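Here the structure is laid out as structure tokens; the discussion comes afterwards.
The values are calculated or read from the model by the stated rules, or taken from the named source; none is laboratory data. Bear in mind that the values here come from a model prediction, so they are computed numbers and not experimental data. Cβ coordinates were reconstructed from backbone atoms using ideal geometry, including for glycine residues, and neighbour counts include every protein chain displayed.
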Amino acid sequence: MRLCYQMQYGSLKDLNGSHWLALARSGAPTRRCAAVAGRGPLRSTLELMILRLKWAALCTAAAAAAPAWVAAQGVAAGALPPDIAQVLARADVPASAVAMVVAPLPPPPGTVSRVPEPVNPSGERNPAPAPQPLPAPRLAWQPDVPMNPASVMKLVTTYAGLDMLGPSYFWKTRVFTQGYVQNGVLNGNLVIQGSGDPKLVVERLQDLIRAIQDKGVRQIKGDILLDNSIFRLPAHNAAAFDDDPLRPYNVGPDGLLLNFKAVVLKFFPDAGGRRVRVESEPPIAGLNIPPEIAGTAGACGNWKSRVAADFTHPNQFTFAGRYPVSCGEQTWSVAYVDPASYAPRVIDAMWRNAGGTLTGQVKMTERPASGQPLITGFSLPLTEIIADINKYSNNVMAQQLFLTLSAAGDRHGSFAESRNTLARWWRQRFGLRTTPVVENGSGLSRNERVTAASLTALLQQAGTGPAAAAYEQSLSIAGIDGTARRMRARNPNSDAIGNATLKTGTLRDVTAIAGYAYGRSGAKYAVVGIINHPNAAAARPALDKLVEWAVRDAP
């Protein structure tokens with residue numbers, strides 16, 4: 001009866017597999033649902049008649065759909081596939097620490113057969129066709145247990161962004177003048193106002209500076225003011241998550257995020273192998289970096305430890321060791337130790353390197369600045385942004401997008417408001433399915449939780465929606481690129497290589513995978529696998545087996 005009330009006040013699309021199973025086991029779902037369909041708010045006799053006709057038709061669909069779901073559950077609920085269970089056992093991970101779902105995608109819109117709508121007593125057809133349930137899963141192991149998904153949570157953030165903002169959404173970096181421009185001289189301040197662009201990297205910042213100068217501003221008799229007030233953020237401690245503040249993945253979001261607040265070092269051994277040239281990007285005013293380091297013979301090995309770098313001083317990087325020339329050319333990205341001064345120092349250096357002059361300082365402004373509009377710089381479209389977020393698991397970009405959910409339209413975004421925005425969106429799109437617990441939208445969290453069933457429903461909807469191609473193209477191709485390329489190293493002959501697009505997730509005690517698999521039968525599946533256990537890393541091959549199981553259309 002409770003399920004029938006749920007159907008009465010909700011929507012048929014809100015019911016998950018467990019609801020269909022319960023309806024099937026109820027004995028006579030049509031009769032029972034129709035009996036309660038008109039209860040609740042007082043209704044007229046005519047309204048009651050229409051409502052009972054409608055819910056009787058819906059419940060008939062429930063009864064028809066339930067047997068197939070029951071059959072699937074009969075296989076899925078009994079045990080995990082043997083090869084997956086064996087890998088878990090070897091890793092000493094109990095099945096209770098695992099959640100796995102494999103489910104077909106719904107047919108494309110327009111091809112779904114629908115339950116005929118009853119005609120109401122006035123002779124008019126009811127306005128909306130009855131929605132169909134999502135296809136029954138082929139495998140559903142602990143689908144409703146909340147799990148920490150690590151970076152797989154980015155799938156929620158990126159789909160919410162696509163759905164709410166649109167695939168062609170872009171961020172704007174606006175530039176204003178405070179004063180007048182005459183003969184190439186700005187007599188006053190230049191203001192650069194960020195809107196949370198997740199990928200305002202060196203090349204695009206150079207384009208912005210060039211556009212400013214093309215507008216006739218080459219000398220500034222005043223300051224360059226930086227406005228990052230679009231986000232209202234708590235103080236960020238880069239060491240809080242894992243006590244490693246110089247790792248780029250620990251960089252905090254910013255309303256004016258430049259080049260991920262990172263310094264990229266490049267090492268180039270000379271032909272003789274004695275010296276190694278060091279180049280850095282971007283330029284940072286006041287930061288001294290040695291132009292070269294001594295080379296050494298021997299195997300490459302852990303070359304980063306052998307150069308004995310010290311990045312802890314904001315004005316000086318040092319290398320006390322030697323660089324193994326056998327390593328060839330290498331790149332090392334490190335988070336800048338003083339992130340608050342990063343944007344001012346980078347813009348100062350890049351402005352002067354571009355031939356501009358400045359009598360004042362580059363500094364952050366404490367409140368939103370304004371002035372006469374000069375130019376507007378545009379970000380990459382959202383479709384390209386989510387490709388970086390998902391394929392390469394960029395944490396700070398994911399957080400920038402998550403914050404934008406509550407900041408779009410020039411509002412001030414915050415983590416709290418974005419959590420509220422996402423929860424409202426989830427209820428609208430997925431109804432009664434368990435809402436993910438989201439902290440920052442990147443998965444870099446010990447507190448975020450989602451069920452495998454909820455992730456599967458999201459993948460099923462995203463995979464057949466208007467932005468399906470953009471969403472799937474943002475994922476790594478199994479064994480080929482992105483974070484899923486490592487699958488080839490674990491098993492070069494895996495059936496999954498090239499036949500799945502996936503998002504991976506890894507934290508201490510967490511390993512996860514989710515995305516799409518293409519079965520040999522031609523069917524396309526949503527695949528979700530999450531392991532929460534101290535031995536999760538050793539059990540990652542079990543997730544590979546899950547994808548292979550889906551590709552093989554295994555029974």
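Six or more apart or on different chains, Cβ under 8 Å: which pairs go from a residue in segment 140-154 that's closer than 14 Å to SER445 by Cα to one that's in a strand (DSSP E or B) and among the basic types (Lys, Arg)? Could you list them?
As it stands, the answer is MET147/ARG449; ASN148/ARG449; PRO149/ARG449; SER151/LYS503; VAL152/LYS503; LYS154/LYS503, since those pairs meet every condition given.
Just give me the residues in segment 509-532 being surrounded by fewer than 24 Cβ atoms within 10 Å (Cβ to Cβ) and at positive phi, in sequence order.
ASP509, GLY522
Please determine, by comparing only the residues of segment 370-394 that are farther than 20 Å from TYR169 by Cβ and crowded, with 17+ Cβ neighbours inside 10 Å, which one is modelled with the lowest pLDDT.
Among residues in segment 370-394 that are farther than 20 Å from TYR169 by Cβ and crowded, with 17+ Cβ neighbours inside 10 Å, the one modelled with the lowest pLDDT is GLY371.
Within segment 140-159, count every residue that is over 9 Å from the mean Cα position of the chain (by Cα) and assigned to a helix (DSSP H, G or I).
Result for segment 140-159: 1.
Within segment 419-430, identify whether any single residue is surrounded by fewer than 17 Cβ atoms within 10 Å (Cβ to Cβ) and touching a Phe, Trp or Tyr at 6+ places or on another chain (Cβ under 6 Å), and answer yes or no.
For segment 419-430, residues surrounded by fewer than 17 Cβ atoms within 10 Å (Cβ to Cβ) and touching a Phe, Trp or Tyr at 6+ places or on another chain (Cβ under 6 Å): absent.
Can we say ILE289 is assigned by TED's automatic domain parsing to the domain that holds PRO314, crowded, with 21+ Cβ neighbours inside 10 Å, without any contact (Cβ under 8 Å) to a residue 60 or more places away in the chain and in contact with a strand residue (DSSP E or B) (Cβ under 6 Å, 6 or more places away or on another chain)?
Criteria not met by ILE289.
Can you tell me which residues in segment 170-228 are hydroxyl-bearing (Ser, Thr, Tyr) and either outside the structural domain of ALA354 (by TED's automatic domain parsing) or closer than 17 Å to THR365 by Cβ (or both)?
Passing the criteria: THR173, THR177, SER195.
Which residue pairs have Cβ atoms under 8 Å apart, sit 6 or more places apart or on different chains, and have a first residue in segment 324-347 that is crowded, with 19+ Cβ neighbours inside 10 Å and a second that is aromatic (Phe, Trp, Tyr) and assigned to a loop (DSSP other than H, G, I, E, B)?
Once the first residue is crowded, with 19+ Cβ neighbours inside 10 Å and sits in segment 324-347, its partners that are aromatic (Phe, Trp, Tyr) and assigned to a loop (DSSP other than H, G, I, E, B) give TYR342/TYR336.
Considering each residue of segment 458-500, count those that are hydrophobic (A, V, I, L, M, F, W, C), under 28 Å from PRO436 (Cα atoms) and part of a helix (DSSP H, G or I), and give that number.
8
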